[in-house]
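Novice: Just passing along the structure, written as structure tokens.
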Amino acid sequence: MLAKRLIPCLDIKDGRTVKGINFLSLRDAGDPVENALRYQEEGADELVFLDISATVEGRTTLADLVKRIASVLEIPFTVGGGIRTVDDVHRIVLSGADKVSINSQAVRNPQLITEAASRFGSQCMVVAIDVKAAGRMPSGYEVMVDGGRTPAGLDAIAWAKAVEDHGAGEILLTSMEADGTKAGYDVGITREVAKAVSIPVIASGGAGKEEDFLEVLCDSCGADAALAASVFHYHELAIASLKAYLQSHGITVRF
Amino acid sequence: MTVLIDYDAGNVFSVTAALERLGEEVVLTDDPSTILSADHVVFPGVGHAAAAMEKLEERGLVDVLCAVKAPFLGICLGGQLMLSSSDEGPVRCLGLVPGRVMRFDKGQVHRIPQIGWNQVHYKDSPLFEGIRQDDWFFFDHSYYMDPDEGSSLAVSQADAFTYSSAIVMDNFFGVQFHPEKSGRAGARLLANFLEVR
């Protein structure tokens, strides 16, 4: 049986880890390589690095950073942020990333998913889907792009199914409203997406306490992995004790 | 010296890094004489089986790989390509280990691809020396190895479905998981492989 995965997420800007809430007021949070090794030591199952650099210079440092991470890290990691072309995907994969995550660009050009998946395999293509409650959509949730600022006019469930059909290997689902609140994952939309597709679903946005992880990873919701940033970064939850808690509630975890 | 087969198929950076962390000298090459003179040969692979076989053929590597006498380790797609054929194409493969590669059946396995950490239950082998029985390794695959009886070295479970997660035939080892991404257990497996003579 596959273990349910706990995935710390690190936001990267100009080669440094940064922390902020709802994409505002960033502050320096250290060297990504050191952060990554700490998470590996603590028992993280995978890591996600999201590059939020605004400049071309910031982005070009990313491939170097990915190489530094891949040289020392013994667990898988995903890199996302600003990836627009198959060549961008190629550069990141060549630098040693196991998976690449695309978001807005997948909405603008779904062929990118298909082309990259056929070249590098579905298993390395993660499509990040940011969603927000919207009554006018059949599922009640709309896909958002540009860091959650722009409604994409797509229904969350329809888009999740479409990315699977385009060849995505995994979905990283973030509820924009839950993100940063620490009030729990959005179980409703996570369950609907997990039911609608057969590729793995990573839940993201809102993790605050142990129960939040249990709620989203248990069979009745069905997420395959849970991503979180602040609770891990600030040691509010220790990964080992969180895993012990989940195991005591019947969730398969890796020790 | 360990040779890593260069055929433009995936994550060679991480495999190289993992072997170098063990102090091993690694050469990435498609040169037949270098491959055939290596102490160990590692055959990585990520992507599509038919596309990968095509690249091996373009570079004239099929016969070279079949002629390797040194300990040989296929990883993920590399392990799959060691079997006789793959349904991912379908395509004829190297035939180093009898058996075929099949796609997980949606009726039996509820998440495809299988991405994440899974337990590996192994038979006695130098490859798994010192590794805890049922220890965790990282997997990322939609197809699985179905070797003929006797060539399976380890099994794992996808939901209730049991499949081979490691295969062996003489000097040829194949693993479905990524040892280079599997923490200490994976590093130990690679170290064990480098000890095989």
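The values are calculated or read from the model by the stated rules, or taken from the named source; none is laboratory data. Treat the numbers as computed from the prediction; the structure is a model and nothing was measured. All Cβ positions, even for glycine, are placed from backbone atoms using ideal geometry, and neighbour counts span all protein chains on display. The accessibility values were calculated without ligands, DNA or RNA, using every heavy atom of the protein model including side chains. Shrake-Rupley method; radii C 1.70, N 1.55, O 1.52, S 1.80 Å.
Novice: Tell me the volume per residue, in Å³, of the convex hull enclosing the alpha carbons of the stretch B:1-159.
Specialist: Convex hull volume per residue, Cα atoms: 116 Å³.
Novice: Karplus couplings for the stretch B:67-74 from phi (6.51 cos²θ - 1.76 cosθ + 1.60, θ = phi - 60°), rounded to Hz, Gly and Pro as x?
Specialist: 8, 5, 9, 6, x, 10, 10, x
Novice: Report the B-A buried area as the accessible area lost on both sides summed, probe 1.4 Å, in Å² to the nearest 100.
Specialist: 2900 Å²
Novice: Which of rounded, prolate or oblate describes the stretch B:20-106 when judged by the alpha-carbon gyration tensor and an a/c cut-off of 1.5? List each step's numbers first, then the result.
Specialist: Working: a/c = 2.02, a/b = 1.62, b/c = 1.25.
Prolate shape, in that a/c is at least 1.5 and a/b is the bigger ratio.
Novice: Excluding B:ALA154 itself, calculate the net charge of residues whose Cβ lies under 12 Å from the Cβ of B:ALA154, where each Lys or Arg counts +1 and each Asp or Glu counts -1.
Specialist: Net of charged neighbours comes to -2.
Novice: Which whole-number percentage describes the relative contact order of the stretch A:74-193, with Cα contacts under 8 Å and a sequence gap of 6 or more?
Specialist: Numbers: 197 pairs, mean separation 25.8, N = 120.
After rounding, I find 22 percent.
Novice: What is the distance in Å between the Cα centroid of the stretch A:227-255 and that of the stretch B:96-110?
Specialist: When both Cα centres are located, 32 Å separates them.
Novice: Where Lys and Arg each count +1 and Asp and Glu each count -1, what net charge lies around A:VAL253 among other residues with Cβ under 9 Å from its Cβ? Don't jump to the answer; show the numbers that get you there.
Specialist: Numbers: positive: A:LYS4, A:ARG5, A:LYS243, A:ARG254; negative: A:ASP45.
Charge balance in the 9 Å sphere: +3.
Novice: Per the Kirkwood treatment, what hydrodynamic radius in Å, one decimal, follows for the stretch A:64-192 from the mean inverse distance over all distinct Cα pairs?
Specialist: Taking every pair of different Cα atoms in the stretch A:64-192, averaging 1/r and inverting gives 15.2 Å.
Novice: Check cross-link reach from A:LYS132 to the lysines: straight Cα distance under 21 Å, and skip same-chain residues fewer than eight apart.
Specialist: Once the sequence-local lysines are set aside, what remains near A:LYS132 is A:LYS161, A:LYS182, A:LYS195.
Novice: Kirkwood hydrodynamic radius, chain A, all distinct C-alpha pairs: what's the number in Å?
Specialist: Details: mean 1/r = 0.0556 Å⁻¹.
Hydrodynamic radius (Kirkwood, Cα pairs) of chain A is 18.0 Å.
Novice: Then there is this: In whole Å and largest first, what semi-axes does the C-alpha gyration tensor of the protein assembly as shown yield when each eigenvalue is scaled by 5 and square-rooted?
Specialist: 35, 22, 22
Novice: What FRET efficiency would be calculated for the residue pair A:ARG38, B:ALA67, taking the C-beta separation as r and a Förster radius of 45 Å, to the nearest 0.05? Can you show the working numbers first?
Specialist: Numbers: r = 45 Å, r/R0 = 1.01.
Calculated transfer efficiency: 0.50.
Novice: Please compute, for peptide A:92-98, the average count of beta-carbon atoms on other protein chains lying within 10 Å of each residue's beta-carbon.
Specialist: 5
Novice: Something else now. How far apart, in nanometres, would the label points at A:THR252 and B:GLU129 be if each is projected 7 angstrom from Cα along the Cα-to-Cβ direction?
Specialist: If labels sit at A:THR252 and B:GLU129, their model points lie 3.0 nm apart.
Novice: Also, I was wondering about something else. Counting only DSSP beta bridges with both residues in the stretch A:5-248, what percent are antiparallel, rounded to the nearest 5? Before the final figure, lay out the partial values.
Specialist: Values: 13 of 44 bridges.
Bridges in the stretch A:5-248 that DSSP calls antiparallel: roughly 30 percent.
Novice: Next question, about the same structure. Would you calculate, for chain B, the mean residue ellipticity at 222 nm contributed by helices, counting each DSSP H stretch of 4 or more residues as -39,500 (n - 2.57) and dividing by all residues, to the nearest 500?
Specialist: My calculation for chain B gives -6500 deg cm²/dmol from helical runs alone.
Novice: Here's another thing I want to ask about it. Pop the C-beta distance of B:ASP39 and A:CYS218 into the FRET formula with R0 = 41 Å and round what comes out to the nearest 0.05.
Specialist: 0.25
Novice: A further question follows. Would you mind giving the average projected area, over all directions, of the Cα convex hull of the stretch A:186-235 in nm² with one decimal?
Specialist: Mean shadow area of the hull around the Cα atoms is 3.2 nm².
Novice: With N set to the residue count of the stretch B:134-197, report its C-alpha Rg divided by 2.2 N^0.38 Å to two decimal places. Working shown, then result.
Specialist: Values: Rg = 11.9 Å, N = 64, 2.2 N^0.38 = 10.7 Å.
So the Cα radius of gyration is 1.12 times the expected 2.2 N^0.38 Å.
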